[in-house]
Amino acid sequence: MSDMRGKKPLWQRLGWLLAIWTASVLTLGAVAGLLRLFMQAAGMGTP
């Protein structure tokens, strides 16, 4: 009985999964962009 009480609805669990995935993809993109910016500033970019 305690398993049913603490379990969230499927749509809510999937919503959190999607939110966490989206945040991680955006963060990875931002870090990659910053690395690319620093590399180009150091002269390591492609012409």
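The values are calculated or read from the model by the stated rules, or taken from the named source; none is laboratory data. As the structure is a prediction and not an experimental result, all values here were calculated from the model. Positions of Cβ are generated from backbone atoms using ideal geometry, with glycine treated the same way; all protein chains shown enter the neighbour counts.
Remarks
- Candidates Ala19, Ala41, filtered to the one that is among the small types (Gly, Ala, Ser) and modelled with pLDDT under 95: Ala41
- Cβ pairs under 8 Å, 6+ apart, first in the stretch 20-47 and without any contact (Cβ under 8 Å) to a residue 24 or more places away in the chain and outside any helix (DSSP H, G or I), second surrounded by 10 or more Cβ atoms within 10 Å (Cβ to Cβ) and not acidic (Asp, Glu): Gly45/Arg36; Gly45/Met39
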